[in-house]
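Quick notes on the structure that follows.
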Amino acid sequence: MDEENSVMLIAGSGGAKSTFAGGLLQHVDRTSGFGINSTIYGSKKDYQKGVRKRMFTGNQYPDKTQDGYIARYELTGKSFSRPATTVNLIDLPGEGLKAAIDGGVDMLPLIRQIKKGQTDDPEDIKTEYEKNIKPDFERGVSPTSPDVWKTAFLHHYYSSDKAIFLLNLYKATEENKDIAYDTEDIKHANEEFTDVAVIPIAVDWYGYDPESTNPGFVTRMLRQVITPSMRDQELLEHLTDRINRGSVPKVADILNFVDTNREVDFFGVSVPDKGAPQTETGTLTADGHGGFEVKGFNKVIQWLEQ
């Protein structure tokens with residue numbers, strides 16, 4: 001990992017990467033003292049129409065990615081203590097994603113290759129990306145080759161110093177969508193990156209408001225001494241009590257791993273559906289100010305600053 005203050009967002013197909021991206025933008029837009037400079041590589045149409053237009057104009061969740069893009073967010077502003085921090089989000093097209101991992105589900109085999117040291121040398125990957133792939137991305141051309149997407153993902157993985165494992169609770173529990181990683185992948189990343197966070201998104205489907213608890217200063221300090229990681233213990237207990245291991249064992253395993261590994265950060269966010277948790281509508285919850293509600297993204301900023 002060699003790019004200071006760069007964060008890799010890891011999630012597979014249906015992992016809510018675009019929803020997370022839109023939610024972070026909305027949070028920053030409505031918070032004084034912060035800003036985001038966004039650069040889109042590859043299909044700008046996918047991002048502008050599928051994320052910006054649907055979420056910020058139509059109050060709808062993002063469209064399924066067609067051609068794929070990479071969004072690079074640089075956080076700025078007087079209130080941000082770590083300037084030049086970037087969040088890299090790679091959103092592959094669905095079919096390309098499946099092909100990129102040799103017919104498997106989501107990105108699991110590729111992550112496993114990383115863990116087992118079965119990829120090309122990171123320096124060779126970086127050279128290949130900078131010389132032969134990045135120029136096309138910068139021209140707005142999305143790759144059609146699964147191998148190129150694979151190299152792009154590996155480049156950002158090996159170049160970042162922090163990682164977020166995004167956990168889409170709605171897809172994993174309501175639609176039984178497979179998750180693109182397992183506990184061994186998180187464990188390995190925790191050994192390689194300077195900081196790792198598991199962030200459940202769509203916690204509203206379990207009736208949880210990530211901004212509902214705000215422990216006092218003394219409580220926060222005591223928790224920091226006992227557990228140096230940044231974690232929402234109430235959320236962890238809330239989900240553990242409600243998630244059935246028999247129906248979604250992978251989610252339960254991840255929660256158990258986070259509970260026992262205190263180095264991994266854990267907190268939740270949501271971009272609430274206006275019908276949650278009873279009914280899925282596909283429509284965002286209006287915030288009363290012309291935008292949509294987002295919950296918990298203040299904790300994302302806190303994590304990026306630490």
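Applying the criterion of being crowded, with 17+ Cβ neighbours inside 10 Å and at pLDDT below 50 to the residues of segment 105-128, the residue that is nearest to ILE186 (Cα to Cα) is LEU108. Of everything listed in (1) modelled with pLDDT of 85 or more; (2) among the β-branched types (Val, Ile, Thr); (3) within 26 Å of GLY282 (Cα to Cα), the single unmet condition for THR86 is (3). Note on segment 46-76: among residues that are in a strand (DSSP E or B) and β-branched (Val, Ile, Thr), the one that is surrounded by the fewest Cβ atoms within 10 Å (Cβ to Cβ) is THR76.
Put simply, of ALA252, ALA276 the only residue that is closer than 22 Å to GLU175 by Cβ, in a loop (DSSP other than H, G, I, E, B) and over 16 Å from the mean Cα position of the chain (by Cα) is ALA276.
Of the candidates LYS162, LYS150, the single residue that is at pLDDT 90 or above and surrounded by 19 or more Cβ atoms within 10 Å (Cβ to Cβ) is LYS162. Summed over segment 171-198, the residues that are of a type outside the set (A, V, I, L, M) and crowded, with 23+ Cβ neighbours inside 10 Å give a count of 1. Pairing each residue of segment 34-61 that is more than 14 Å from ILE90 (Cβ to Cβ) with any residue that is crowded, with 19+ Cβ neighbours inside 10 Å and small (Gly, Ala, Ser), provided the two are 6+ apart or on different chains, yields C-beta distances under 6 Å for MET55/GLY22. Looking only at residues that are in a loop (DSSP other than H, G, I, E, B) and of a type in the set (S, T, N, Q) in segment 279-306, which one is modelled with the lowest pLDDT? For segment 279-306, the residue satisfying everything is GLN306.
Residues in segment 216-248 that are modelled with pLDDT of 90 or more and either within 22 Å of the chain's Cα centre (by Cα) or closer than 21 Å to LYS187 by Cα (or both): MET230, ARG231, ASP232, GLN233, GLU234, LEU235, LEU236, GLU237, HIS238, LEU239, THR240. Scan segment 173-208 residue by residue and report those that are within 22 Å of SER247 (Cβ to Cβ), assigned to a loop (DSSP other than H, G, I, E, B) and aromatic (Phe, Trp, Tyr). Residues satisfying the conditions are TYR181, TYR208. Kindly provide the set of residues from segment 240-279 that are aliphatic (A, V, I, L, M) and in contact (Cβ under 8 Å) with a residue 40 or more places away in the chain, ordered by number. Scanning segment 240-279 gives ILE243, VAL248, VAL251, ILE254, VAL258, VAL264, VAL269, VAL271, ALA276.
The values are calculated or read from the model by the stated rules, or taken from the named source; none is laboratory data. A quick note: this is a predicted structure, and the numbers were derived from the prediction, not measured. So basically every Cβ, Gly included, is an ideal-geometry build from the backbone, and we count neighbours across all protein chains shown.
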